[in-house]
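What follows is a set of notes on a single structure, which appears directly below.
Throughout, read-outs are computed from the coordinates displayed, never taken from laboratory work. Model, not experiment: these values are computed from the prediction. Counting neighbours? That spans all protein chains shown, and the Cβs are built from the backbone with ideal geometry, glycine included.
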Amino acid sequence: MASVIYGVWDGKIYDNRDRDIFEVAPLPELAGFDFFNEGNVIKAFLGDRGFFVFEPGVDLLDALVRYAAKAAEESCGKCTPCRMGTSLVRDKLAMLHRERFDTGLLAETEMLARHVRQTSLCGLGQSCMTPLLSALDHFRDMLAPAPAPARRDDGGRDHDRRGDDRQAANGQYAMHYVTAPCIEACPAKVNVPRYIDYIKDGKPSHSLGVILQKYPMAATCGRVCVRFCEQACRRNMVDEAVGIKVLKRYVADLEQDISRQWFSPDMVCTRQPDHLRVAVVGAGPAGLSCAYHLLLKGYPVEVFEARDEPGGMAASGIPSYRLPKEVLRGEAEIIGRLGGRIHYNARLGRDYTLDDLMGRGFKAVFLGLGCDKGRLLGVDGEDPDLSGLQTGIDFLLKVHECLQGNGCMTLGGVVVVVGGGNVAMDCARSALRMGADEVHVVYRRDKTDMPADIEEIEAAREEGVVFHFLTNPGRILSEDGRITGVELVSMLQGEPDANGRRSVVARPDSARVLRCNEVIAAIGQQVDEDSISQGDGVRFGRRGFLDADGTTLSTARPGVFAGGDCYSGPSTLIKAMANGLKAARSIDDFLHYGRVRFFPRSRMRRIIGDFRALSNESIETPVENKYRVRVRELDPEVRKRLFDEVEKPISTEEAYEEASRCLRCYRIYSVITESPVPDSAL
Amino acid sequence: MHDTMQATINGTPVTFQENDTILEAARRGGHFIPTLCELSDIDHAPGTCRVCLVEIIRPGSESPVMVTACNTPMEPGMAVRTRTSRVREMQRLQVELILADHDQDCATCTRHGDCELQDVAQFVGLRQSRYTRPDWTRSRPRDETSPAIIRDMGKCIRCLRCVEVCRREQGVDALVFTGTSLQADIGMRNNLSQGASDCVACGQCILVCPTGALAERDETETVIDFLDDPEVITVFQFAPALRVGFGEEFGLAPGVNVEGQIITALRTLGADVVLDTNFAADLVIMEEGYELLGRLKEGRRPTFTSCCPAWVNFAEKLYPDILPFVSSTRSPQQCFGALAKTYLPEKMGLDPKRIRVVSIMPCTAKKDEAQRTMFRQDGARDVDVVLTTREFARLLKREGINLAALEPSTFDNPYMAEYTGAGAIFGTTGGVMEAAVRTMYSVVNGRELERIEVEALRGFESVRTATIDLGGDIGEVRLAMCHGLKGVRAIVEDVLAGRADFDFIEVMACPGGCVDGGGHLRSKKHYQPYARKRRDAIYEIDRQMPRRQSHENPQVQRLYKDFLGQPLSHLSEELLHTHYIRRRTEIKQTINDIWRDITMSTLVHSEFDAAEPAASRKRKE
């Protein structure tokens, strides 16, 4: 917890300058502001809504010059006040700081700064003058020059232009971090406003390039992502969130043919020594993403996949009406284009062990095993050998195999799917397409509690799936080894718990029978225990998933890292891909330093995350309503029997229109530290 | 849904509907708000210049907030003030900031006197320019690689109108927004130069550019050199659309035919021979009409017209597969040029080497066209210089000629100056088709159309279709007329995909046709305001002509009799037909190239980031 000597945040003034520092009570909401990295004191913090000074003797003007330089560098240059104002303010502040401090120049700078804040088009210009203006409004005297010894000129223009500098001036070092609510919400930290900008600017290749900085599966993500970014989108406060996902799909589809030519082994600039080989276990989203980043860093990478095709859960678990298989396959090809090899039909624990990999000379291993074992219901009458009973994962896999032409299944009659997640929705909608006459979803909580995307639930409903909320299976009924029905029990809601979720208990005497031919248990998945054995040195955690360090993803065994569903439990595509990226960074560090280094950007994210610096604000001025692009879909009556992709692509004109809805809520955060922030991979 | 709501502007009540902007409501109520980037004719309000500041007080609030009128919606009960001292001060500062990185060499600027930035500086009462930094403008590019269009980014104010027109009106989408911060401006797709890019040189971007950032290449100096050189014989031609869109520059009413004054002006300049492109338009109908009838008999369909050079560029650069369907007949300008250096000197007893052909065109792409290598004889260009309408106006002013004060005169050349009504209507969308139908009908049936004005072919929709019975062994033909490249793109894609059923397709790249060409006079803060007046004037010329079918042009008949023989003769093929080149640029790049070019990047692989050479990596090795 840090003690604020003086500062302003959200208009609230903190002024403890006339007190002794030890008398100032640390602010609990500023937990984590003491040190940036080990032993490196945070002297000041500047952000979109004000600033804090934590140490005596901080050169506030210097901190503001650096912040202004970053703002000028980040200005997109479209609107007049931000383009010109940020550069002018930067230069004038630098002059005040270095050459002459005169009140007339200060007043002119202030006038320009107010103009930038009041008249800029987007969030960057509207917010980047706040630290300066709050200092001018409340702590003007702190900007006057200290009568200290002459300042060292710290490389003037160079630093003005670069902004992101770790140069010292007066024993102050700065690190800047530019972000937006959508970026922070994204597990992979995709620079969302930037890729939307590039669409608007007419540079779709660049737009896709921004996405490809984080993972190779842009078209896949553009179809099935759960869109944490859209939940965080500030446009929600005006009308509806920007169609971030649909724009991603648009650029990925548009550039589909040419982007294949962008990758080749020759394009990797830095080659790592040949012996630094890395094995990636699992060609799912986590594994592919990890392999992609390691290949880009120049490592020799081999991928081992248990099944006969890439994609993991994205291939077998996501039906083709949401994600056509060729889209996924095309994106997995990037691994080969970069010189990586994928070995198929190689299952860890069955065909080889972790020790085998180490023995074959791999210096690091990434485990992206997935979580592909389904869980049964655990109710009376449930026998795994019953005909008509299966887990959701197994069912989706069979559907997938069937569509691939590998042995078909027939489905008819009444199908009951148990569960409320996206897998349950995928099972229900796939069951319709496989020929079920009736599909029922049974979920023990209420509709609003369902973890599945609302769009998925609605699509299933439109296609005729019947929902039974606050209902649980009590017993499986069967005759001669075949399912004949399921006994359902109504559930009662209790009081919400600490997480806001309400417990449910069975209502007495509510049992009834639903006749059916098939029961699909889509209530959860686990890691295949056979893949890891005792001697591997990798441990399972409490919930039956692999144990790894949350920051570095390293397991108990040195050189072995884990990520994706096998580490987090069944989760989202984007989280798995983010894990792959994180593990690649950790492996790179491990192979070169024997340890995972400090990552300044991650640290910065934690600081602003904990401080809730980005938490909801209001939108001050009226904004024109421009409604979100409507994605055309196949008619429910037609599509419910087809595995053709349901959502249609948007047109170029629609993409330009949708891109223009982005409010560009960029914000700049700066820490001023005592010593330089370690220069490691960002 | 469409409830009328109330608010006030400067204390006066105004009514508005949902999502009306403050600017729209203010304009309706007669309250002037200075604007710069906004262009309502193309529904463009990107909100980038930030000049149209007003103060609003929202109901329930006391403190005024500064917003831009162009993209802020009206709200019930809102009080808008457009001219408080704070508003005026901030509008002034905004324009001052725009000037800070604007190349202010106004006296030498091509847009001198016709500049919307100069206007807005006056509107806001700007009296100083404190922040001007020449070093900020000098580093921005000036692209002179196109024969037609000069792009000078030191003068760009980032209004994005050009991008909008190229993208939304024309559907070419060759322009992109590029760079950030002070380096932000307009570039060509894939970082190409203007010349090598997908730009088709239609010039519609120039019509909307508020400053001198986009302009035609000025060639008035060359023309004055020609006029001054006693050895040179100058031969002038001017386009069908020129005469109906030129008077307004000299204070005459828009849409008035000033053909006679133009002839006088050229003679005053000292032109040796003054001729008319309309004559060549009649000739094109003969060649293209016979070519089309031949192709129809061979069952080759459809045939696209070829007189629009921006369309030819579009086909060659964006859809080379369509080229076999484009008529081989040269444009009127180039037919004229080829004859002006062969037939004309033969008839007039002149030395062809001394002849210099100057065209005056409402078109920037004609400059491009005149430079094509196939339009040369013995290394000399058929058309030596093309002046756009704007340059012609500049030329007259440089020579002190006031068109409005001139007495009209008439053509006096017996070889290449006479025209029919069919040649006259070439300047508007549908005109080429109508002229062709008149002559083809006559060729097939041996008699002329009952109604010479074919209303079915006229109109303003960007793609129009019609079926006409040509009779004889040809019968019904399916026709399409498209103007504005966005509609053209749709029809080209339909043809390539086998979805279209047409025999003859007229294409004009500029919306409206040549009467609204990218080389014509531009109008401040408006886009094509005189489209209808100019078009009406052109049809009026047709109506007044004694002969209204190209094959009736006696000078064309004489040309065939004395020189060419008949349409599609060997000599015709040599002088009046051409071929096309596939010019699609294939872009080869890697993801690294893209990553290096991405600004404001959050790249995780520092080794790909040019701005940040992998410090840690290098130290290690």
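Summary table
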quantity: DSSP-assigned coil residues among chymotrypsin sites (Phe, Trp or Tyr not before Pro) in the range A:1-77, each with at most 13 further Cβ atoms within 10 Å; calculated: none
quantity: Ranking of B:Ser139, A:Ser490 by count of other Cβ atoms within 10 Å, fewest first; calculated: B:Ser139, A:Ser490
quantity: Under 14 Å, Cβ to Cβ, from A:Gly609 - net charge with Lys/Arg +1 and Asp/Glu -1; calculated: +4
quantity: The range B:97-216 - percent relative contact order, Cα under 8 Å, separation 6 or more; calculated: 31 percent
quantity: Student exercise, the range A:1-132 dipole from Lys, Arg, Asp, Glu Cβ charges, in Debye to nearest 20; calculated: 600 debye
quantity: FRET efficiency, 1/(1 + (r/R0)^6) with R0 35 Å, evaluated for A:Gln231 and B:Thr585 via beta carbons; calculated: 0.25
quantity: Separation between Cα centres of the range B:95-140 and the range B:310-343, rounded to whole Å; calculated: 40 Å
quantity: DSSP bridge pairs, the protein assembly as shown: antiparallel proportion in percent, nearest 5; calculated: 60 percent
quantity: Exceeding the 18 Å Cα-Cα cut-off - candidates A:Lys189/A:Lys582; A:Lys214/A:Lys297; A:Lys447/A:Lys648; calculated: A:Lys447/A:Lys648
quantity: Mean-position separation - Cα centroids, the range A:328-407 and the range A:608-671, in angstrom; calculated: 33 Å
quantity: Restricting the range B:1-83 to GluC sites (Glu not before Pro) in coil, as DSSP defines it, with at most 16 other Cβ within 10 Å; calculated: B:Glu18, B:Glu62
quantity: Per-selection Kirkwood Rh - chain B (Cα, Å, 1 d.p.); calculated: 26.4 Å
quantity: For chain A, share of DSSP beta bridges that run antiparallel, in % to the nearest 5; calculated: 60 percent
quantity: Chain A - charge dipole about Cα centre, Lys and Arg +1 at Cβ, Asp and Glu -1, debye rounded to 20; calculated: 1020 debye
quantity: Likely footprinting exposure, A:Leu663, B:Leu576, fewest C-beta neighbours within 10 Å first; calculated: A:Leu663, B:Leu576
quantity: Whole-angstrom gap from the range B:52-71 to the range B:162-190, using each part's C-alpha centre; calculated: 31 Å
quantity: Cβ-based charge dipole, the range B:220-576, positive-most Cα from B:Ala310, B:Tyr415, B:Ile262; calculated: B:Ala310
quantity: Antiparallel %, DSSP beta bridges [both residues in the range B:4-83], to 5; calculated: 90 percent
quantity: Calculated P(r) of the protein assembly as shown - Cα pairs past 45 Å, %; calculated: 51 percent
quantity: Label-point separation, A:Ile258 to B:Asp351 (7 Å along Cα→Cβ), nm; calculated: 5.2 nm
quantity: Cα-based helix-to-principal-axis angle, A:600-611 vs chain A, degrees rounded to 10; calculated: 90 degrees
quantity: Crossing angle, helix A:80-98 versus chain A [Cα axis fit, 0-90 degrees, rounded to tens]; calculated: 50 degrees
quantity: Per principal axis, descending, Cα span of the range A:376-523 in whole Å; calculated: 49, 37, 23
quantity: Dipole of the protein assembly as shown, positive direction: furthest Cα of B:Thr68, A:Leu591, A:Ser503, with charges on the beta-carbon; calculated: A:Leu591
quantity: Loop-located GluC sites (Glu not before Pro) in the range B:365-460 whose Cβ has at most 16 other Cβ within 10 Å (DSSP); calculated: B:Glu399, B:Glu448, B:Glu450, B:Glu453
quantity: For B:Trp136, A:Trp262, order by how many other beta-carbon atoms lie within 10 Å, fewest first; calculated: B:Trp136, A:Trp262
quantity: Relative contact order of chain B, defined on C-alpha pairs under 8 angstrom at six or more residues apart (%); calculated: 15 percent
quantity: Longest segment of chain B lacking trypsin sites (Lys or Arg not before Pro) that sit in a DSSP loop with at most 16 other Cβ atoms within 10 Å; calculated: B:131-299
quantity: Segment B:Ala497-B:Thr108, extension gain: residue separation times 0.36 nm, minus the distance between their alpha carbons; calculated: 135.1 nm
quantity: Dipole moment magnitude, nearest 20 debye, chain B about Cα centre, only Lys, Arg, Asp, Glu C-beta charged; calculated: 1360 debye
quantity: Acute angle (nearest 10 degrees) that the helix A:192-201 long axis makes with the longest principal axis of chain A, alpha-carbon atoms; calculated: 80 degrees
quantity: 10 Å Cβ shell holding at most 11 others, DSSP loop, GluC sites (Glu not before Pro): longest site-free stretch of chain A; calculated: A:100-619
quantity: Inter-probe distance in nm under a simple model that places probes 7 Å from Cα toward Cβ, at A:Asp610 and B:Arg447; calculated: 9.7 nm
quantity: Cα→Cβ-extended label distance, 7 Å offset, between B:Lys297 and B:Arg558, nm; calculated: 3.0 nm
quantity: Which of A:Leu477, A:Gly537, A:Leu133, positive extreme of dipole for the protein assembly as shown (C-beta unit charges); calculated: A:Leu133
quantity: Relative contact order (%) - criterion: Cα under 8 Å, at least six apart; region: chain A; calculated: 18 percent
